[in-house]
Structures are given as C-alpha cells and as structure tokens.
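See below for the structure under consideration.
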Amino acid sequence: MRANCSSSSACPANSSEEELPVELQAHGSLALVFTVVSAVMMGLLMFSLGCSVEIRKLWSHIRRPWGIAVGLLCQFGLMPFTAYLLAISFSLKPVQAIAVLIMGCCPGGTISNIFTFWVDGDMDLSISMTTCSTVAALGMMPLCLYLYTWSWNLQQNLTIPYQNIGITLVCLTIPVAFGVYVNYRWPKQSKIILKIGAIVGGVLLLVVAVAGVVLAKGSWNSDVTLLTISFIFPLIGHITGFLLALFTHQSWQRCRTISLETGAQNIQMCITMLQLSFSAEYLVQMYSFPLAYGLFQLLDGFLIVAAYQTYKRRLKNKHRKKNPDCAEVCHKKKSTSSKETNSFLEVNEEGAVIPGPSGPVDCHRALEPPDHLTSHE
C-alpha cells in the first residue's frame, strides 16, 4: 500500500479557510466552540478526580513505575501495531490508512479517567498513565509514525501537534495538582468535590456524545469499512490492554485501569494533526474516522461500566442473601484502606484506595472476585 501525496496541491500543510467545503467550515466552527467548552469542563473534572489521588500512592507509582511501563507498552506498542494491521487487513485507501495509524499513535485521552473512576479502578495509576503517555507522545508519536509509514512512500510530512500536546499537559497536570492538594489539606471536603465531579463527568460524556453525533452526522454515510474499524479498534485496545496487564501479573484493579487507558485515545490530538498535515480535499475523507472512533469509544466505555456495575450489584445481592445480618453490621463499621491481593500478584503490593460508598471490609469483599480485595472510603 502506498500513500503518494506528491501531486500538485495534494497535501499542503496549511490550507486556507476558503478552500474548505462549506460543511467542513461549519464543522470546524462548531468543533472550536465545543473544544473550548469541553476544555473548561474537562479542567474542572480533572480537578475533582484529582481529589481522589493520594500523594503517597502517586509517588509509589512513580518510584516503582511497573504499572505505568505496562500502560506505555500498550499505548505505544499495541495500539500503533493494531492500527497498522487493521489498515493492511481492510485494504484501506492511503489517506484513510494514515488517519487510522495516527489515531493509534496518539496518547491516552482523559476520558479514560472518568471510566476508571466508575469501575473502581486505580485512579492514581490512571492519572499517572495519562500524564506519562502525553509526555511520551512528544517522542513516541514521530517514532511510531516513521516506523509504520516508511514503506508507504509517504512524501507528505506529517506535522506533530506539539503545541496541542503541551496544552493537554497543562490542562491535565494543573487541575490534578490542585485536586491532590485539596485532598491533602481538606480530605472531607475533597470527597464532596469528588462526588460532584462524578456527576459532572456523566453530564460531560453526554455532551460529548451529542456533539459528536452532530459533528459526525455526515460520516455515517461514509465508507462502511472505516466505520467498522472505528467500532472494533477501541474494543481491541481494551481487550489487549487487559490481557497484557493480566499477563504481566498486575492486580485486577490495575488490569481494569490499563484496559480503559489503552482503548481511550486523545481524539482532539488526532484531529489537530490531520488539520495541520493535510488539505481540505483529504480532510473530507479523513475527518469521519476520529469522530466515529470517539463515539464508539464512549459507547464501549459505557458498556464496560454497565457490565462491571451489574456484576458488582449481583455479587452484593448474592452476599446479602447468604449473610442477612451483614447489612446491620455495615452501619456500625467503616473501612479505611486494605491491600489488594491475588494469587499471582506481586508480594506486598499496595492496594489502591478507591473512592466510593462507605462500608466494612467484610461486606465489600464479597463484591469483588474471590482473589480480589479492595476497600472503599
């Protein structure tokens, strides 16, 4: 497969607005407004999620970055390779193949932090992975794109959105840092902020979904093959990320976290890179993929959260039937923290404290698999 963009006016990096089709101009204006609003809301959301992060546990991930290393391997190893295989297997057009590959080379998106919270994942690891993958993207994106496109004879230079990466880092680290500080100084108030943030996160996801449908309304009539890839790509990321985390003996909590981080890509960064690198003629063919990927990414996340919460509720009801006196005990005890254990986990691995409803350790243990113990504050 070759992607030859050497013809006249084929791939100018910076096209004028007058060259853009009217529909693309409308989408661009709406996308700008949506980006500004979502950036503000995302900053507030990351602040609230930062209130669930403890400095001690965050430092333990940095000091022993085994979970972060596995996540980076999934992000810049599995995802670009999967994108390349999908482009080859489905015999995509060159411009479409490049769009799929760019999506696979993007760092993790902050939307994964919301889903991680809802599946009782390791928030410290999730935020660390998102930050580290964004920093690593400064070097790993050009490297992965070079390795996978050198055989395609791509004569058009791909522009890496370094400014967009920097903005993403600022919007991620500063609110989280404030949230960590609030959790350190005012732990009781931070729990209230965290609950409000969870509600705001749900509203934000609905806004993103609706706006995505509006922005991608013209893409549903596009190539069915491209839509199929945008549907299965995040699913493959979630599954392979979970399996690799399981293979490297990560805890169940970390497996869920790494799985969600792997399948969730930074959609805005992909769109920015396409806009900087290709003309309007090619953008029309490329624009639909990241938008469709974002919608299916949200859908997959909702399905994972729904499946986990359903499983958790069934275990809770089953435990109540076997232990009818547990409900009375639950009102008298409060758990603070415990260690997550598993037969194949690392010895003395510290279990992450997960935000959630109060309850005793004995009652909550029934909500997890037999070899998985997690405490809720």
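The values are calculated or read from the model by the stated rules, or taken from the named source; none is laboratory data. This is a predicted model, so every value here is computed, not measured. Methodologically, a virtual Cβ is constructed for each residue, glycine included, from the backbone with ideal geometry; neighbour enumeration extends over all protein chains shown. Heads up: the accessible areas ignore ligands, DNA and RNA and are worked out on the full protein's heavy atoms, side chains in. Shrake-Rupley method; radii C 1.70, N 1.55, O 1.52, S 1.80 Å.
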Condition set over 14 Å from Leu101 (Cβ atoms) and in a loop (DSSP other than H, G, I, E, B), scope the stretch 134-171, selection most open to solvent (accessible area, probe 1.4 Å): answer is Asn157
Among the residues in the stretch 104-116, are any in contact with a strand residue (DSSP E or B) (Cβ under 6 Å, 6 or more places away or on another chain) and modelled with pLDDT of 90 or more? yes
Can you tell me which residue in the stretch 256-281 is modelled with the highest pLDDT, limited to those that are more than 25 Å from Val210 (Cβ to Cβ) and surrounded by fewer than 23 Cβ atoms within 10 Å (Cβ to Cβ)? Leu276
Where residues in the stretch 49-59 are open to solvent by 30 Å² or more (accessible area, probe 1.4 Å) and part of a helix (DSSP H, G or I), which of them is farthest from Ile193 (Cα to Cα)? Trp59
Among (1) closer than 23 Å to Asp120 by Cα; (2) open to solvent by 20 Å² or more (accessible area, probe 1.4 Å), Gly301 falls short only on (2)
Candidate set: the stretch 86-131, residues that are hydroxyl-bearing (Ser, Thr, Tyr) and under 18 Å from the mean Cα position of the chain (by Cα); chosen: the one surrounded by the fewest Cβ atoms within 10 Å (Cβ to Cβ): Thr131
